[in-house]
Ligand code: SAH
């Protein structure tokens, strides 16, 4: 995936605040190329205000008179729609679509089109697209705010882009190595000895106590640091027991 080959195209946006919100949504997710097709009001104070720290994207935005100009050099075009249209077209959700966008962006110029706040994209505009994207919202209230729709699409692209950088699991981030079988065995010996000395475990009738404790600790999976703390507690406990010897 190459984010530099992906452009977000807003068609005839009415509210400059939405343009600012889109710039922010894009920049948060590492995208920078914003195209504005005949915006009603731009540049505008409200756009800069909503963009917060993303006004560099507004300054770099390409403004065109027509959609054709904005996507002339694109090889892969995705149209977004809040409703299912009469003309059947390949229709994907944001996650499936992001996978396609990511693949194409490696070598090709890709555009994702977003429509007008009041009417979306026209059928003619949607016919220019290779794919249609629909965010599976509640059919009874399906239309998202423009900037929020952009946010969802950009987020899915972000997740793919960073997929290789994410740790496979939280355990990879753990700050201490997990304890070895050998160290656990020494801990169990230490624990058993201590439990006998404090009179909790009767060696003549041990029942299943050690087995149950083993099951408890193996379920938790102790790390070396935690194991050292527990062994420190056992050592101090035994010292107390022997203090009066
Ligand atoms: N009333 C319009 C909604 C426009 S919302 C209509 O029915 O088409 C403005 C833009 O936000 C849409 O053109 C689309 O680009 C995007 N959007 C809003 N909700 C969406 C959804 N559920 N799925 C995909 N895009 C959506």
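Which residue fluctuates most in the GNM of the chain (Cα springs below 10 Å): 66, 81, 105?
66
Run through the DSSP bridge list for the chain and note the antiparallel percent, rounded to the nearest 5.
Details: 2 of 24 bridges.
Here the antiparallel bridges make up roughly 10 percent for the chain.
Any chance you could give the angle, 0 to 90 degrees and rounded to 10, that helix 94-105 forms with the longest Cα principal axis of the chain?
For 94-105 against the chain, the angle is about 70 degrees.
Go from 0 up to the bin containing the longest alpha carbon distance in segment 125-231, width 10 Å each, and give me the % of pairs per bin.
11, 24, 17, 11, 12, 14, 9, 2, 0
Return a whole-number percent for the relative contact order of the chain, with Cα pairs under 8 Å and 6 or more residues apart as the contact set.
Numbers: 361 pairs, mean separation 49.9, N = 245.
For the chain, the relative contact order is 20 percent.
If Rh is defined by the Kirkwood formula over all Cα pairs and Rg also comes from Cα, what ratio Rg/Rh do you get for the chain?
Values: Rg = 30.0 Å, Rh = 22.3 Å.
Using Cα coordinates only, the ratio equals 1.35.
Of the residues 124, 84, 226, which exhibits the maximal mean-square fluctuation in a Gaussian network model of the chain defined by a 10 Å Cα contact cut-off?
Taking springs between Cα atoms under 10 Å, the residue moving most is 226.
Relative contact order, percent, of segment 102-240 when contacts are C-alpha pairs under 8 Å separated by at least 6 residues? Before the final figure, lay out the partial values.
Numbers: 51 pairs, mean separation 32.0, N = 139.
Relative contact order for segment 102-240 comes out at 23 percent.
Contour minus end-to-end for residue 56 and residue 69, with contour as 0.36 nm per residue of separation and end-to-end as the Cα-Cα distance? Don't skip to the answer; put the middle values down first.
Details: separation 13, 0.36 × 13 = 4.68 nm, distance 2.22 nm.
My answer for the length gained is 2.5 nm.
Rank these for me by crowding, 127, 27, going from fewest to most other beta carbons within 10 Å.
Numbers: 127 12, 27 19.
By the 10 Å Cβ count, ascending: 127, 27.
Give me the angle, in degrees from 0 to 90, between the Cα long axis of helix 16-28 and the longest principal axis of the Cα atoms of the chain, rounded to the nearest 10.
Helix 16-28 and the main axis of the chain meet at about 40 degrees.
With a point put 7 Å past each Cα toward its Cβ, work out how far residue 200 is from residue 242 in nm, to one decimal.
It is 1.9 nm.
Can you give me the Cα centroid spacing of segment 181-237 and segment 66-128 in angstrom?
62 Å
Is segment 108-169 best put as rounded, prolate or oblate by its Cα gyration tensor, with a ≥ b ≥ c the root eigenvalues, rounded for a/c under 1.5, and otherwise prolate when a/b is larger than b/c, oblate when not?
Values: a/c = 2.73, a/b = 1.59, b/c = 1.72.
Note, shape of segment 108-169 comes out oblate.
Over the chain, with a Gaussian network built from C-alpha contacts below 10 Å, which listed residue (102, 70, 205) shows the highest mean-square fluctuation?
205
Using only the alpha carbon atoms of segment 172-244, find the Kirkwood hydrodynamic radius as the inverse mean reciprocal pair distance, in angstroms to one decimal. Mind dumping the intermediate values first?
On the way: mean 1/r = 0.0756 Å⁻¹.
Evaluated over segment 172-244, this radius sits at 13.2 Å.
Using only the alpha-carbon atoms, how far is helix 146-161 inclined from the longest principal axis of the chain? Give it as 0 to 90 degrees, nearest 10.
Its long axis makes an angle of about 50 degrees.
Bear in mind these aren't lab numbers, they're just calculated from the coordinates by the rules spelled out. For clarity, every value in this text was computed on a predicted model and none was experimentally measured. Cβ: placed from backbone, ideal geometry, glycine included. Neighbour counts: every protein chain shown.
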